[in-house]
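Comments concern the structure below.
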Amino acid sequence: MTDHLAKAVARRRTFAIISHPDAGKTTLTEKLLLFGGAIQLAGEVKAKKDRMQTRSDWMKIERDRGISVVTSVMTFEYGDHVFNLLDTPGHEDFADDTYRTLTAVDAAIMVIDAAKGIEPRTLKLFEVCRLRDIPIVTFVNKLDRESRDPFEILDEVEEKLALDTAPMTWPIGRGRTFAGTYHLADNAVRRMDSEEEVTKVNGPEADSAAGLLPENDREAFIEETSLAMEACRPFDLEAFREGHLTPVYFGSALRNYGVRDLINALGKYAPQPRAQKAGARMVKATDPKMTAFVFKIQANMDPNHRDRIAFVRVCSGRLQRGMKARLSRTGKMLGLSAPQFFFAHQRQLADDAYAGDVVGIPNHGTLRIGDTLTEGEDIVFEGVPNFAPEILRRVRLEDAMKAKKLKEALQQMAEEGVVQLFSPEDGSPAIVGVIGALQLDVLKERLRAEYGLPVTFEAARFNVCRWISADSDADVEKFVNAKRGDIARDLDGDAVFLASDGFSLNYEAERWPAIRFAHVKEYH
Ligand code: GDP
């Protein structure tokens, strides 16, 4: 069993794709899945709009806006590996969802548009990866279009992200003349017209390379690649694993070029499921007892089954269908009768899952984001963060008789991570907090469609929210008592301070030096 477990763990690669909208994440995802045989789509990628409609159109709002609100997981096998690709919403209004998802991966592919370089969302998502030292493989996409000079792109990654780069391939031509890639370490050429075939040569200047390189610009290409080989860093596995260096591949997702290199790189270099911190203990992926944490809750994925799915990342042991797991927050046992795997557009019962795997657990509100499941051990995983909302609103109900129902509905929405919920200490109506305005639209639509509760939002007198703590509980208590009208409790009962603006927050922070005002809270 232990040997079996070690083998199962060693095969797994769990990753996400980070990019700025339009860089090509969707296209790349589709190509990766094609490699894994997870979907059969002949020829070109279908138009995004079409796809949105045929896909999990569990929510009208998602269709209307043509954006992906849901975070989902896709599992596929390729070569010797099992890949779990965790998809993240492209729109920045759902950023907190994305951050939570990134806590469940061991590696990421960063897609950069070759004409645009590092864009703002890429930078932001990269920073989140850096917090956890997640190793990053870079894919410079759209080489079949007008592109920037590769050296310039590498420099930009190094400067803007403070991340070392190691080009693994080098583009042969660009835009209309893009013909393939030169593999720097192996001295091999792969041409676009023969995606599978790699031809070994004795260097870019060798006779054996002559027929494979562009005739017109051959001199320039030799110069470029020689410079790349001399001046750029060679790939260093340890530096990559520590998140200090990224291997860089060039290609075109649309033309399905360079995608195989990426998937091979993930299999070869990306780490197997990492150990996860639970208090003072590091839980190793090969520890025999099952542990897992919830990083995402999704409701109504399939309109025909009004269900709620908790996405858990398995951290150790073997999650088996039918087993009982302990929910650390309540200490209660939970039967896992129907854990599910997701394969592109379908799901399937999961009989066994191992560290790195993501399974969906149907439930009726028992599980919350950040929950830990174990085979009996009393541990809690750290690290699914909560970010202070940027927008705070009171929810106004059209039918005041339904206040109790609203309270329950908001509690459920907050447990799913749709919004954050704060109950003021002075007993005034609850306040919801979101990172982006679209989340409010989602809340409104779901309250109407699922609970029959038409609502509107009104401005609260607060715009800033911070979790408060101090070395001594007495200090917190003193502050809470002095500021009762500006204090609220979050879902876990933790105290937050609400301020009208950053200015008054700073003012209070100066007056109360013993109090810490945090804009990130890790679930625990
Ligand atoms: P996302 O917003 O990052 O998911 O980007 P998409 O995958 O939807 O791609 C955005 C647009 O760029 C679409 O029109 C794609 O067809 C196009 N695109 C993606 N990859 C490539 C590529 O390699 N070359 C070219 N020319 N276009 C691409």
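The values are calculated or read from the model by the stated rules, or taken from the named source; none is laboratory data. This is a predicted model, so every value here is computed, not measured. Note: ideal-geometry Cβ built from the backbone for every residue, glycine included; neighbour counts use all protein chains shown.
Restricting to the stretch 239-272, what's the tally of residues that are surrounded by fewer than 19 Cβ atoms within 10 Å (Cβ to Cβ) and acidic (Asp, Glu)? Count: 1. Restricted to strands (runs of 3 or more DSSP E) entirely inside the stretch 434-524, those with at least 1 residues that are more than 25 Å from residue 295 (Cβ to Cβ) are 455-459, 464-469, 487-489, 495-499, 516-518. Checking the stated criteria, residue 275 turns out to be surrounded by 13 or more Cβ atoms within 10 Å (Cβ to Cβ) and under 30 Å from residue 377 (Cα atoms).
Has the stretch 411-419 got any residue that is within 18 Å of residue 494 (Cβ to Cβ), in a loop (DSSP other than H, G, I, E, B) and not acidic (Asp, Glu)? Yes, because at least one residue in the stretch 411-419 is within 18 Å of residue 494 (Cβ to Cβ), in a loop (DSSP other than H, G, I, E, B) and not acidic (Asp, Glu). Within the stretch 157-185, the set of residues being free of Cβ contacts under 8 Å to residues at least 60 places away in the same chain and acidic (Asp, Glu) comprises 158, 159.
Just one residue in the set 225, 199, 246, 291 is more than 16 Å from the ligand (Cβ to nearest atom) and closer than 30 Å to residue 320 by Cβ; that residue is 291.
Within the stretch 182-204, restricting attention to residues that are part of a loop (DSSP other than H, G, I, E, B) and surrounded by 17 or more Cβ atoms within 10 Å (Cβ to Cβ), the residue that is modelled with the lowest pLDDT is 204. Screening residue 125 with (1) touching an Asp or Glu at 6+ places or on another chain (Cβ under 9 Å); (2) within 13 Å of the ligand (Cβ to nearest atom) gives one miss only, at (1). Looking only at residues in the stretch 138-177 that are aliphatic (A, V, I, L, M) and within 16 Å of the ligand (Cβ to nearest atom), the one that is surrounded by the fewest Cβ atoms within 10 Å (Cβ to Cβ) is 153.
Of all residues in the stretch 12-59, exactly one satisfies the criterion of being more than 16 Å from the ligand (Cβ to nearest atom), surrounded by fewer than 17 Cβ atoms within 10 Å (Cβ to Cβ) and modelled with pLDDT of 50 or more, namely 37. Going residue by residue through the stretch 256-268, is there one that turns out to be of a type in the set (Gly, Ala, Ser), under 27 Å from residue 140 (Cα atoms) and within 16 Å of the ligand (Cβ to nearest atom)? Yes - at least one qualifying residue is present in the stretch 256-268. Candidates in the stretch 89-111 are the residues that are of a type in the set (Gly, Ala, Ser) and within 21 Å of residue 267 (Cβ to Cβ); of these, the one that is surrounded by the fewest Cβ atoms within 10 Å (Cβ to Cβ) is 107.
Among the residues of the stretch 362-414, not one is closer than 30 Å to residue 285 by Cα, without any contact (Cβ under 8 Å) to a residue 60 or more places away in the chain and aliphatic (A, V, I, L, M).
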